[in-house]
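Asks: Before I ask anything, let me first share the structure, which is written out below as structure tokens.
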């Protein structure tokens, strides 16, 4: 069975119920803290597209940019 992605409204309704607020499975370890803030500037049209794509992936802009950079670094080694 494949899980369907819920909308934000569906997630809110699901987790509003106390029976759906119990942790499931083993605890997860968090990644080490990020080390340094690096200011980066983008042209407005690029930033608009980044925000759109981050929203589609349900990620923050920072998280989306980090993932894109990591992808580029790994793809560039081949």
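Asks: Tally time: how many residues in the stretch 34-65 are over 24 Å from residue 7 (Cα atoms) and either in contact (Cβ under 8 Å) with a residue 24 or more places away in the chain or under 16 Å from the mean Cα position of the chain (by Cα) (or both)?
Replies: 2
Asks: Given the conditions (1) closer than 17 Å to residue 68 by Cα; (2) outside any helix (DSSP H, G or I), report the number of the one that residue 50 does not fulfil.
Replies: (2)
Asks: Any residue at all in the stretch 8-23 that's surrounded by 10 or more Cβ atoms within 10 Å (Cβ to Cβ), within 19 Å of the chain's Cα centre (by Cα), on the phi < 0 side of the Ramachandran plot and modelled with pLDDT of 95 or more?
Replies: Checked against the condition, which is being surrounded by 10 or more Cβ atoms within 10 Å (Cβ to Cβ), within 19 Å of the chain's Cα centre (by Cα), on the phi < 0 side of the Ramachandran plot and modelled with pLDDT of 95 or more, the stretch 8-23 yields no hits at all.
Asks: Among the residues of the stretch 49-62, is there at least one that is at positive phi, out of contact with any strand residue (DSSP E or B) (no Cβ under 8 Å at 6 or more places or on another chain) and surrounded by 10 or more Cβ atoms within 10 Å (Cβ to Cβ)?
Replies: Yes, the stretch 49-62 contains a residue that is at positive phi, out of contact with any strand residue (DSSP E or B) (no Cβ under 8 Å at 6 or more places or on another chain) and surrounded by 10 or more Cβ atoms within 10 Å (Cβ to Cβ).
Asks: So, residue 36, is that one out of contact with any strand residue (DSSP E or B) (no Cβ under 7 Å at 6 or more places or on another chain) and assigned to a helix (DSSP H, G or I) or not?
Replies: No; evaluated as a whole, the condition is false for this residue.
Asks: Between 44, 26, which is exposed (fewer than 10 other Cβ atoms within 10 Å of the Cβ) and at pLDDT 90 or above?
Replies: Result: 44 is the single residue among 44, 26 that is exposed (fewer than 10 other Cβ atoms within 10 Å of the Cβ) and at pLDDT 90 or above.
The values are calculated or read from the model by the stated rules, or taken from the named source; none is laboratory data. Keep in mind that this is a model prediction, so the values were computed, not measured. Positions of Cβ are generated from backbone atoms using ideal geometry, with glycine treated the same way; all protein chains shown enter the neighbour counts.
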